[in-house]
Amino acid sequence: MNALLVSHRSTVTPDQIDDLGHMNVRHYGANAAAGTRSVCDGLGLGAPSLRSAYTRHHHEQMEGNELEVRSAILPGGDRLRIYHELRNRADDDLAATFVHELDCPPVDAPHF
């Protein structure tokens, strides 16, 4: 796997908070999707369709947290696969990890 590079940054806003006071699960995925779009844009690929997505949640995030998606291209396979880590910028806490497989041939790209 190539080095992780920052592909997206965001802040947890009040409208992203659920009844338990945590960021709603759909917003974790929205951050990863933004990371995928950024990687694809950087590679000049346009917007290939998402074929599959694996998500693992690690730690809840709260209103006001500054988040960052770090991404890398996963080598091998028949399709482009992108690994993402969603992290809290203040303490480097790992919020979630993702693997997105796209309807696109694999790309060997250390930078995007």
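Points to keep in mind about this one:
- Distant-in-sequence amide H partners of VAL6 (H built 1.01 Å from N, under 5 Å): SER71
- Projecting the alpha carbon convex hull of the chain along each direction and taking the average yields 6.6 nm².
- Comparing LEU20, LEU67, LEU94 in a Gaussian network model of the chain (Cα springs below 10 Å), the most mobile by mean-square fluctuation is LEU20.
- Evaluated on segment 13-67, the Kirkwood hydrodynamic radius is 12.8 Å, with distances taken between all distinct Cα atoms.
- Under Karplus coefficients 6.51, -1.76 and 1.60, residue-wise ³J(HN,Hα) of segment 64-78 in Hz, glycine/proline x: x, 5, 8, 10, 9, 9, 10, 9, 7, 7, 8, x, x, x, 8
- Only protein heavy atoms count here; under a 1.4 Å probe, VAL107 has an accessible surface of about 40 Å².
- Hz values of 3J(HN,Hα) by residue in segment 43-58 - Karplus curve (6.51, -1.76, 1.60), Gly and Pro given as x: 8, x, 9, x, 10, x, 5, 6, 8, 7, 9, 10, 10, 10, 8, 10
- Each residue of segment 90-103 was assigned a 3J(HN,Hα) from its phi angle through the Karplus curve 6.51 cos²θ - 1.76 cosθ + 1.60 (θ = phi - 60°); the sequence is 5, 10, 6, 4, 7, 7, 6, 10, 9, 10, 10, 9, 10, 7 Hz, with glycine and proline shown as x.
The values are calculated or read from the model by the stated rules, or taken from the named source; none is laboratory data. Worth saying up front: this structure is predicted, and the values here are computed from it rather than measured. SASA here: full protein model, heavy atoms, side chains in, ligands and nucleic acids out. Shrake-Rupley method; radii C 1.70, N 1.55, O 1.52, S 1.80 Å.
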